[in-house]
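The values are calculated or read from the model by the stated rules, or taken from the named source; none is laboratory data. As the structure is a computational prediction, the values presented were derived from the model and not from experiment. All Cβ positions, glycine included, derive from the backbone under ideal geometry; neighbour counts span all protein chains shown. In case anyone asks, the SASA skips ligands and DNA or RNA and just uses the protein heavy atoms, side chains included. Shrake-Rupley method; radii C 1.70, N 1.55, O 1.52, S 1.80 Å.
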Amino acid sequence: TASPTRFRPGGYGFNHTVGNIDVTKAINDDLHLALGMEARSESYTIFAGDTASYSGEGANSFPGINAVNAGVNTRFNLGGYVDLTYDITENFLINGAFRTENYSDFGNANVYKLSSRYKLLDNKVVIRGSYSTGFRAPTLHQIYAQSTQASFVGGTIQLSGLFNNRSAQARALGIPNLKPENSTNLALGIGLNPTDNLSVSLDFFKIDVKDRIVYSSSISSSDPNSTLGAILTRAGVANIQFFINGIETSTSGIDYVVSYRNIGLGNGNLNVNLAGNFILNNEIVGTPAEP
């Protein structure tokens, strides 16, 4: 009984319920309105393992989930949007959209989009562009997940811990709570229809993300009397990690699509599509933020 060979390490569960409604209406031949709303309820559950899986040495190499880390974490959010499209002329279109969202754990977020399209040469050439802002709340997993993992270091088993940003360990070290990610998105493109059967499109995009959530580096201390050393000793681990709003990224590239339709084949027609993406730039901007 002091050295079991079978353990129940616990686990995780997630579910969400989503409901939405979207309404579109042509105000007249030139003006179109769309609006809608969505409600979402999320639940993330952490199940404790049996006591033998985490107490003392626990299940070496795969410790179970400690009962103090178990629990049910929930949130609710409600969002709504409005979208207007206006044909200024037969060839010139503009569009604008606005979305607002309220999270029970993060408050309000507002994003918008502006776009336009212009047709040339009897629709054989189409020029388009858009600019928008984006928002992504941390997942419940990133906010609440905690775990311990074992690995061999120097011939001995060493425990490493993932602690969430709302834990006592994070508060003691001054690790801030996670913030939402925010982005800006720019797109410029051209569409070509040289014949009834051939179409080609090229679109340049640039996406900048601020406060991007990443896994921190491993933090350890050789001084057991330091604040960090004492936290590690109490937690029974050699090092710890957190999710943090650590980096700002910039990504740009080109999307391309080529389609050719109505190629005679037997008794039918063959349509051929080629689509791809070429990344021009994908980098971290500046230096990573350290809590």
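Annotations for the structure displayed:
- Dipole check for the chain: with +1 at the C-beta of Lys and Arg, -1 at the C-beta of Asp and Glu, and the Cα centre as origin, the magnitude is about 520 Debye.
- The peptide list 68-76, 12-20, put in order of mean Cβ contacts within 10 Å with the highest first, becomes 68-76, 12-20.
- Along region 184-192 the Karplus relation, 6.51 cos²θ - 1.76 cosθ + 1.60 evaluated at θ = phi - 60°, assigns HN-Hα couplings of 10, 9, 10, 9, 9, x, 9, x, 10 Hz to successive residues, with x for each Gly and Pro.
- Element breakdown for the chain at a 1.4 angstrom probe: carbon and sulfur atoms account for 55% of the accessible area.
- If you take all other residues with their beta carbon under 15 Å from the beta carbon of Thr51, and give Lys and Arg +1 and Asp and Glu -1, the sum is 0.
- Of Asn108, Asn66, Asn182, the one that fluctuates the most in a GNM where the chain has Cα springs shorter than 10 Å: Asn108
- Averaged over its residues, the chain has an accessible area of 60 Å² per residue, based on protein heavy atoms and a 1.4 Å probe.
- Lysine-lysine proximity count for the chain, Cα under 24 Å, sequence distance 8 or more or distinct chains: 8
- For the pair region 187-209 and region 117-182, the centres of their Cα atoms are 30 angstrom apart.
- Computed over region 181-274: relative contact order in percent, which uses C-alpha pairs under 8 Å that are six or more apart: 31 percent
- Ranking of Lys119, Lys210 by solvent-accessible surface, largest first: Lys210, Lys119 (1.4 Å probe, protein heavy atoms only, all chains present).
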